[in-house]
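Remarks on the structure that follows.
The values are calculated or read from the model by the stated rules, or taken from the named source; none is laboratory data. This is a predicted model, so every value here is computed, not measured. Heads up, the Cβs are rebuilt from the backbone with ideal geometry, glycines too, and the neighbour counts pull from every protein chain shown. Calculation scope for accessible area: heavy atoms of the full protein, side chains included, ligands and nucleic acids excluded. Shrake-Rupley method; radii C 1.70, N 1.55, O 1.52, S 1.80 Å.
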Amino acid sequence: MDVNAALTELRELTAAWEAAGSRGAWTVEQSDRAIELARDIDAWMSRGGFPPAAWARFGATAGPRR
């Protein structure tokens, strides 16, 4: 999984949703995709995957969820 690409796509979907007035015209496909991306990023991080590069400035570190 490319966690950086997943985060970028999730941010793009979120920006489109916010631009539409937060509850705007998201398609079923867009909302399904946002849920998939959030689930995939969570699974990746929970298994010890490295965090997205954009989160490095926050001191994000990977590791299994406890």
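Please enumerate the residues belonging to the stretch 12-26 that are in contact with a helix residue (DSSP H, G or I) (Cβ under 8 Å, 6 or more places away or on another chain), of a type outside the set (Gly, Ala, Ser) and at pLDDT 80 or above.
Leu13, Thr14, Trp17
Being exposed (fewer than 13 other Cβ atoms within 10 Å of the Cβ) and not in a helix (DSSP H, G or I) narrows it down to one of Gly21, Gly49, so name that one. Full working, then the answer.
Details: Gly49 fails: exposed (fewer than 13 other Cβ atoms within 10 Å of the Cβ).
Within the list Gly21, Gly49, the selection yields Gly21.
Among the candidates Arg66, Arg33, which residue alone is modelled with pLDDT under 85 and either surrounded by 15 or more Cβ atoms within 10 Å (Cβ to Cβ) or not small (Gly, Ala, Ser) (or both)?
Being modelled with pLDDT under 85 and either surrounded by 15 or more Cβ atoms within 10 Å (Cβ to Cβ) or not small (Gly, Ala, Ser) (or both) holds for just one of Arg66, Arg33, which is Arg66.
Give me the pairs, please: first residue somewhere in the stretch 37-49 and within 14 Å of Leu7 (Cβ to Cβ), second residue anywhere and of a type in the set (Gly, Ala, Ser) and open to solvent by 40 Å² or more (accessible area, probe 1.4 Å), beta-carbon distance under 9 Å, and either six or more positions apart or on two chains.
Trp44/Ala62; Met45/Ala62; Gly49/Ala62
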